[in-house]
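To keep things clear, I will list the structure first and then write my remarks on it.
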Amino acid sequence: MPCRETRSIVRGLLALPALLAVLGSVIVAAGFVTDTEPGFPPPSSHVVDSAQEMDVGYSWGTLQQLERFEEQTGIHVAVAIVALPRRSSTDDYGAALFRAWGLDTKANGRTALLLINPSNNTAVIKAGPGLASTLDGDAIARIMANRIEPYLAVNGITGAASRGARGIVGVLQHGPAELTTSAPDQASWLEANRDRMFFRFIGGFIAFLLLGAAINAANLLGWRPHTKRGLWRVLDWIARIAGSVKVSTSESSSSSGSSSRSGSFSGGGGTSGGGGASGSW
């Protein structure tokens, strides 16, 4: 009995580091431990998407718009998408990023920054001293409410960035009346996440087929038990569905091939007179 108790204690001590590691990972993932503040991405462009959340096409279009706007007016407007820790302040980080990029002195202070934090779907707009009279608190609040927040509410980072940048440019070109004469944007979750859901569907379908092929290979190599229970039945179900997709594809290709062959034969038999009956068969 003492030997068994000693063995149990030793096993428990050996398993303790692994248990603590798993517990630490769960705590960090749950957000109980504050992550370190990320650094500032370099101002390499008018649109800096360090979180890689924005659609490439919209990012390019927004970049071209902001570049043309700066060429015409001399006003520098930048968009930054940075994923911050959940307990970080988007407003504080936006002010620090504004200074780190030198936007407080660039272009005689005629600058603006739109920062979007996809970690908690928040955003902030910072304006330089040269635009304080135009991009004041009321104008910024209207841009946020009418152009940015409708998309952030449905996790539409692309729409929030592109429409937010367009709202800033509109106010700087036409004044705050640009927002009072137009209705707030209406964004649906499906529209905002359409591209992302499509790629997830394609990826999941490919993974499903690969899993079915792996299960079939395991069956052929005899790596699975003859008596299937529990999880093995589910795997069998997946393999059968994936196999049926492959079989139906091969059948459709064979049927199309046979139809093309029959069509060519009946066409060739038109001169012999017996091709009609053969084609019908």
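The values are calculated or read from the model by the stated rules, or taken from the named source; none is laboratory data. Treat the numbers as computed from the prediction; the structure is a model and nothing was measured. So basically every Cβ, Gly included, is an ideal-geometry build from the backbone, and we count neighbours across all protein chains shown.
Tabulated data for the structure shown
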{"quantity": "Among (1) surrounded by 13 or more Cβ atoms within 10 Å (Cβ to Cβ); (2) modelled with pLDDT of 85 or more - the single one P38 does not satisfy", "calculated": "(2)"}
{"quantity": "Hits in segment 166-198 - residues which are at pLDDT 80 or above, part of a loop (DSSP other than H, G, I, E, B) and either surrounded by 15 or more Cβ atoms within 10 Å (Cβ to Cβ) or of a type in the set (V, I, T) (or both)", "calculated": "P176"}
{"quantity": "Leading residue by the ranking (farthest from the chain's Cα centre (by Cα)) among those in segment 45-91 that are without any contact (Cβ under 8 Å) to a residue 12 or more places away in the chain and closer than 16 Å to G170 by Cα", "calculated": "Q72"}
{"quantity": "Any hit, segment 150-157, residues being over 23 Å from L63 (Cβ atoms), within 27 Å of the chain's Cα centre (by Cα) and surrounded by fewer than 22 Cβ atoms within 10 Å (Cβ to Cβ)", "calculated": "yes"}
{"quantity": "Complete set of residues in segment 71-96 that are in contact with an Asp or Glu (Cβ under 7 Å, 6 or more places away or on another chain) and of a type in the set (S, T, Y)", "calculated": "S88"}
{"quantity": "Residue count for segment 120-149, restricted to those that are within 22 Å of the chain's Cα centre (by Cα) and in contact (Cβ under 8 Å) with a residue 40 or more places away in the chain", "calculated": "1"}
{"quantity": "So T105, is it β-branched (V, I, T) and surrounded by fewer than 20 Cβ atoms within 10 Å (Cβ to Cβ)", "calculated": "yes"}
{"quantity": "Conditions (1) hydrophobic (A, V, I, L, M, F, W, C); (2) crowded, with 22+ Cβ neighbours inside 10 Å; (3) closer than 18 Å to Y58 by Cα: number failed by L135", "calculated": "(3)"}
